[in-house]
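The values are calculated or read from the model by the stated rules, or taken from the named source; none is laboratory data. Please read all numbers here as calculations on a predicted model, not as lab measurements. Cβ atoms come from the backbone with ideal geometry, glycine included; neighbour counts cover every protein chain shown. Ligands, DNA and RNA are stripped out before the accessible areas are found, and what is left, the full protein with its side chains, is counted by its heavy atoms. Shrake-Rupley method; radii C 1.70, N 1.55, O 1.52, S 1.80 Å.
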Amino acid sequence: MITIIDYNAGNIRSVLFALERLGIQARLSADPDEIVKADKVIFPGVGEANTTMQYLRERQLDEVIKGLKQPVLGICLGMQLLCTHSEENDTECLGIIPQHVLRFRPRQGEKVPHMGWNSIYNLRSPLFDATLEKEYVYFVHSYGVEPGSYTIATCNYVQPFSAALQKDNFFATQFHPEKSGKVGAAILENFLKL
Amino acid sequence: MLAKRIIPCLDIKDGRTVKGVNFVNLRDAGDPVELGALYSEQGADELVFLDITATHEKRKTLAALARAIAQHLNIPFTIGGGIQSLEDVEVLLDSGADKIAINSAAVRRPELVEELARQFGSQFVVVAVDARQMSGDWYVHLNGGRIATDIRLLDWVKEAENRGAGEILFTSMNHDGAKAGFANDITAQVATSISIPVIASGGAGTMDHFVDVFTQGKADAALAASIFHFREIPIPKLKSYLQEQGVNVRGV
């Protein structure tokens with residue numbers, strides 16, 4: 001069973017629908033037992049880092065997520081929360097991927113949030129296949145992670161940043177595969193095949 | 001590189017698209033989900049659904065529509081039209097909407113923008129602005145353009161940004177429907193006066209109008225309705241043309 005962690009995030013239903021379009025029955029759950037027993041876990045998120053971390057801690061979901069051994073896919077805020085720290089309201093995150101989340105600092109009047117379709121490159125992970133190099137995916141975010149040793153896809157806005165990260169069984173995308181057309185669907189399918 | 005976005009807009013009444021749609025390969029041209037899916041196939045980057053229903057049942061219809069769109073489409077969509085309250089918005093978010101557009105209600109009570117941004121995040125809040133140029137300056141209009149205000153366009157978009165809007169959808173009433181090009185000068189002023197993305201709307205008639213609104217108008221996205229509905233400009237052709245002209249768009 002694929003379990004989507006159910007908390008007060010915006011795009012949970014979109015992720016559920018995206019899986020349904022792939023013919024996958026997933027379950028929304030905030031129950032630690034169900035999450036731990038899932039074959040794969042998706043940790044979506046749209047919203048503000050601090051409030052969301054607080055919400056997860058109050059329900060002990062932070063410890064549950066940290067302990068997961070099966071493939072996990074963090075999406076957008078879900079990716080950022082897997083990191084160590086976010087500049088968004090100086091938030092201590094889950095610390096699974098040792099990276100810092102920083103706010104975009106525009107250089108030439110670039111708009112923040114980074115909103116829309118942008119291309120991803122330097123793909124290196126079973127999450128992506130070679131045909132996806134330089135394809136466009138949908139982003140909406142004001143904070144991001146600089147490229148580093150856990151970066152498995154890069155994107156350029158203001159400067160290069162991590163479009164996706166991986167550490168062990170934890171995969172994460174800054175973009176929204178559930179809203180990225182056929183490319184996004186291919187990425188979700190790759191995750192489901194892991 | 002971040003691509004410029006092409007956004008078809010669908011007018012909805014009682015859950016159905018109202019503007020005449022000239023597609024032969026649709027089973028039901030009035031079905032917003034089917035039409036939206038077709039646009040998505042053709043390479044639309046986002047969709048905007050504007051509900052013009054004027055009944056009390058509106059909230060229910062809109063939520064059901066949002067849910068159907070979210071189930072079937074794999075690109076982002078905005079839903080708007082007569083949204084008044086946090087409760088209206090909560091239902092839409094829960095139904096799977098990616099963004100909501102608020103217009104008159106935000107002008108009448110600007111705190112609404114703040115409340116929505118705080119509760120749902122700025123990325124969820126599109127402030128739609130209809131404005132008309134009158135004796136030199138641009139003024140915000142309400143209720144689909146029927147009521148003039150003395151609020152200046154540039155003041156209002158700045159305020160909307162400060163209160164937490166994630167995006168501005170700007171329609172020039174002087175240009176809307178004329179198919180003589182977008183309001184490039186004022187769009188550029190709006191786009192450079194704020195640091196959130198701007199969707200330009202009103203006036204699309206040719207492919208060059210899109211080139212102009214992205215280059216001269218500095219818009220982040222361009223919205224149009226009838227030229228897409230009546231197939232005057234197919235989206236794949238528009239996108240190839242934009243690429244030839246050096247405008248970065250997502251290929252189809």
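At a glance:
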{"quantity": "Of all residues making up the stretch A:129-143, the number that are hydrophobic (A, V, I, L, M, F, W, C) and surrounded by fewer than 23 Cβ atoms within 10 Å (Cβ to Cβ)", "calculated": "2"}
{"quantity": "Pick from the stretch B:1-34, criterion open to solvent by 40 Å² or more (accessible area, probe 1.4 Å) and among the β-branched types (Val, Ile, Thr), ranking: modelled with the highest pLDDT", "calculated": "B:Val18"}
{"quantity": "Some residue of the stretch B:179-187 being of a type in the set (D, E, K, R) and over 18 Å from the mean Cα position of the chain (by Cα)", "calculated": "yes"}
{"quantity": "Of all residues making up the stretch B:239-252, the number that are closer than 16 Å to B:Asp220 by Cα and part of a helix (DSSP H, G or I)", "calculated": "3"}
{"quantity": "Residue, nearest to the other protein chains (Cβ to nearest Cβ), within the stretch A:45-67, restricted to residues that are at pLDDT 90 or above and not in a helix (DSSP H, G or I)", "calculated": "A:Arg59"}
{"quantity": "Any hit, the stretch B:85-96, residues being modelled with pLDDT of 95 or more and open to solvent by less than 10 Å² (accessible area, probe 1.4 Å)", "calculated": "no"}
{"quantity": "Failed condition for B:Ala148, given (1) in contact with a strand residue (DSSP E or B) (Cβ under 6 Å, 6 or more places away or on another chain); (2) hydrophobic (A, V, I, L, M, F, W, C); (3) surrounded by 23 or more Cβ atoms within 10 Å (Cβ to Cβ); (4) more than 11 Å from chain A (Cβ to nearest Cβ)", "calculated": "(3)"}
{"quantity": "Of all residues in the stretch A:161-191 being more than 23 Å from A:Cys83 (Cα to Cα), open to solvent by 10 Å² or more (accessible area, probe 1.4 Å) and of a type outside the set (Lys, Arg), the one that is nearest to the other protein chains (Cβ to nearest Cβ)", "calculated": "A:Ala185"}
{"quantity": "Enumeration of residues in the stretch A:19-45 that are open to solvent by less than 60 Å² (accessible area, probe 1.4 Å) and in contact with a Ser or Thr (Cβ under 9 Å, 6 or more places away or on another chain)", "calculated": "A:Ala26, A:Leu28, A:Ser29, A:Ile35, A:Ala38, A:Lys40, A:Val41, A:Ile42, A:Pro44, A:Gly45"}
{"quantity": "Residue check for A:Leu73: surrounded by 15 or more Cβ atoms within 10 Å (Cβ to Cβ), touching a Phe, Trp or Tyr at 6+ places or on another chain (Cβ under 6 Å) and more than 11 Å from chain B (Cβ to nearest Cβ)", "calculated": "yes"}
{"quantity": "First in the stretch B:211-235 and more than 13 Å from B:Ile7 (Cβ to Cβ), second anywhere and of a type in the set (Asp, Glu), Cβ under 8 Å, 6 or more apart", "calculated": "B:Gln216/B:Asp185; B:Gly217/B:Asp185; B:Ser226/B:Glu232"}
{"quantity": "Inter-residue pairs, beta-carbon under 8 Å, first within 13 Å of chain B (Cβ to nearest Cβ) and in the stretch A:12-39, second open to solvent by 20 Å² or more (accessible area, probe 1.4 Å) and of a type in the set (Asp, Glu), 6+ apart", "calculated": "A:Ile12/A:Asp6; A:Arg13/B:Asp94; A:Ser14/B:Asp98; A:Leu22/A:Glu189; A:Leu28/A:Asp6"}
{"quantity": "Number of positions in the stretch B:212-235 that are in a helix (DSSP H, G or I) and within 14 Å of chain A (Cβ to nearest Cβ)", "calculated": "2"}
{"quantity": "Residue match in the stretch B:186-198 (condition: on the phi < 0 side of the Ramachandran plot, more than 12 Å from chain A (Cβ to nearest Cβ) and either of a type in the set (Phe, Trp, Tyr) or touching a residue at least 40 places away in the same chain (Cβ under 8 Å) (or both))", "calculated": "yes"}
{"quantity": "Qualifying residue in the stretch B:43-62 (condition: surrounded by fewer than 21 Cβ atoms within 10 Å (Cβ to Cβ), in a helix (DSSP H, G or I) and within 14 Å of another protein chain (Cβ to nearest Cβ))", "calculated": "no"}
